[in-house]
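Accompanying notes for the structure given below.
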Amino acid sequence: MAQDSLSILVTGGTGLIGQALIPALEGSGHRISVLTRHPDRYPSTRNHPDLFSSLENIPDSHPVDAVINLAGAPIAGMRWSKQRKQVLRDSRIQLTRNLVRWMAVRQPPVSVIISGSAVGYYGNRDDCMIGESEPPGEDFGARLCRDWENELLALENLDIRVVIIRTGLVLSRFGGMLTPMIPIYKTGLGARIGSGKQWMSWIHIDDQVKAICHLLHNPSSSGAYNLTAPVPVHNTQFSDTLARVLNRPRLFAFPAPILKLALGEAAGLLLDGQRVIPDRLQEEEFQFCFRNLEEALTHIASP
Ligand SMILES: NC(=O)c1ccc[n+]([C@@H]2O[C@H](COP(=O)([O-])OP(=O)(O)OC[C@H]3O[C@@H](n4cnc5c(N)ncnc54)[C@H](OP(=O)(O)O)[C@@H]3O)[C@@H](O)[C@H]2O)c1
């Protein structure tokens, strides 16, 4: 179906998801602008987007029909010191607050915002299946997501469609969680983490991009959506599947106490989990390219 060409502002457009999403949006005929702290470092592409280092630099005459808000400092891989927690919060909550204030007075008005969040919203959960109506958790990651989402409430009484994407673990060959894992698994040192019973709600990058495009183009989509494949797996199954796809054994278990010692509270990202189901995408008959983890990992690991 032909789509109207939109002028779309993307924050975090330089990141893993943004760099996959922008070519797809351009391919659909949309005009892209990127809000980035480092316009000079933007990779040179054929259709170079308009780059802005602050919202104030966007001229009133520059059209913005839609906003896709993906900015946020990396949450994994380092300890959450008090300072780091502040960076994680400011880069999401403060940035979104500024964006929302800018949108509230923008003329002509922006018609839709798709704004980031994560399945960490639900906190550490047991085996129950988690649809979008489940309440938020109480740990740092959950409060971060909840407060990030709540910034959008200021748009409630304006005629702006608000979509929140609670994204799962994005699987891509170009970055994200698989980047450190694949080389380790290739040497045969792949390991399940802790008990291996924690749930991993994953999504292939192609489906992440496809889902954002679906939510952008479907005028009746609004509110929170889980962006995860329909079949989450336990960490043991994830580890065994990755090892099998790479033709290596998975012999080890990485002890939880060592992770906790190294990462402190941030170890929860690896040791905890939630069994998230994309109820609302499925209700809207969204067709996933990758429902099966082995097929997703095989696609990513193939040369
Ligand atoms: N990838 C995943 O598995 C996953 C899972 C769940 C949720 N998410 C969320 O989805 C969003 C996009 O994910 P992603 O993987 O594409 O992220 P990413 O690769 O880490 O990129 C995020 C972008 O945020 C901007 N950024 C980084 N630090 C910042 C700071 N201190 N202040 C302001 N902006 C900063 C950067 O843009 P500039 O350098 O251009 O300013 C960066 O390109 C993130 O908010 C992430 O938390 C991702």
Point to revise | Qualifying position, being within 20 Å of Asn292 (Cα to Cα) and open to solvent by 50 Å² or more (accessible area, probe 1.4 Å), among Val231, Val209 | key: Val231
Review point. Within 18 Å of the chain's Cα centre (by Cα) and within 11 Å of the ligand (Cβ to nearest atom): does that describe Val119?
Key: yes
Exercise for review: Kindly indicate whether Pro180 is under 30 Å from Arg244 (Cβ atoms) and not in a strand (DSSP E or B).
Suggested key: yes
Check your understanding: What are the pairs, 6+ residues apart or on separate chains, where a residue within region 166-192 that is under 22 Å from Gly116 (Cβ atoms) and free of Cβ contacts under 8 Å to residues at least 12 places away in the same chain has its Cβ under 8 Å from a residue that is open to solvent by 20 Å² or more (accessible area, probe 1.4 Å) and not in a loop (DSSP other than H, G, I, E, B)?
Key -> none
Exercise for review: For region 152-168, state whether one or more residues are open to solvent by less than 20 Å² (accessible area, probe 1.4 Å), of a type in the set (D, E, K, R) and not in a strand (DSSP E or B).
Suggested key: no
**Study point:** Selection within region 78-101 - part of a loop (DSSP other than H, G, I, E, B) and either touching a Ser or Thr at 6+ places or on another chain (Cβ under 7 Å) or in contact (Cβ under 8 Å) with a residue 12 or more places away in the chain (or both)
**Key:** Met78, Arg79, Trp80
Practice item. Might you check whether a residue that is without any contact (Cβ under 8 Å) to a residue 24 or more places away in the chain, open to solvent by 80 Å² or more (accessible area, probe 1.4 Å) and either closer than 23 Å to Trp102 by Cβ or touching a strand residue (DSSP E or B) at 6+ places or on another chain (Cβ under 7 Å) (or both) occurs anywhere in region 59-75? Key: yes
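Can you tell me which residues in region 4-19 are assigned to a loop (DSSP other than H, G, I, E, B), more than 6 Å from the ligand (Cβ to nearest atom) and touching a residue at least 12 places away in the same chain (Cβ under 8 Å)?
If the condition is that a residue be assigned to a loop (DSSP other than H, G, I, E, B), more than 6 Å from the ligand (Cβ to nearest atom) and touching a residue at least 12 places away in the same chain (Cβ under 8 Å), then Ser5, Leu6, Gly13 are the ones that fit.
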**Study point:** Selection from region 153-178 of residues that are more than 14 Å from the ligand (Cβ to nearest atom) and within 21 Å of the chain's Cα centre (by Cα)
**Key:** Leu153, Arg161, Val162
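This table checks each residue for (1) in contact with a Lys or Arg (Cβ under 8 Å, 6 or more places away or on another chain); (2) more than 14 Å from the ligand (Cβ to nearest atom).
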| residue | (1), (2) |
| --- | --- |
| Pro74 | no, no |
| Met78 | yes, no |
| Arg84 | no, no |
| Asp90 | no, no |
| Ala104 | no, yes |
| Ser111 | yes, yes |
| Ile114 | no, no |
| Asn124 | no, yes |
| Pro136 | yes, yes |
Practice item. Name, by its number, the condition in (1) touching a residue at least 60 places away in the same chain (Cβ under 8 Å); (2) within 24 Å of the chain's Cα centre (by Cα); (3) more than 17 Å from Ala296 (Cβ to Cβ) that does not hold for Ala267. Key: (1)
**Study point:** Top-ranked residue in region 34-58 [being more than 10 Å from the ligand (Cβ to nearest atom) and in a strand (DSSP E or B); ranked as most open to solvent (accessible area, probe 1.4 Å)]
**Key:** Asp50
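The values are calculated or read from the model by the stated rules, or taken from the named source; none is laboratory data. All figures in this text were calculated on a predicted structure; none of them were measured in a lab. Using ideal geometry, Cβ is built from the backbone for each residue, glycine included, and neighbour counts are taken over all protein chains shown. Note: accessible area is taken over every heavy atom of the protein model, side chains too, but ligands, DNA and RNA are not part of it. Shrake-Rupley method; radii C 1.70, N 1.55, O 1.52, S 1.80 Å.
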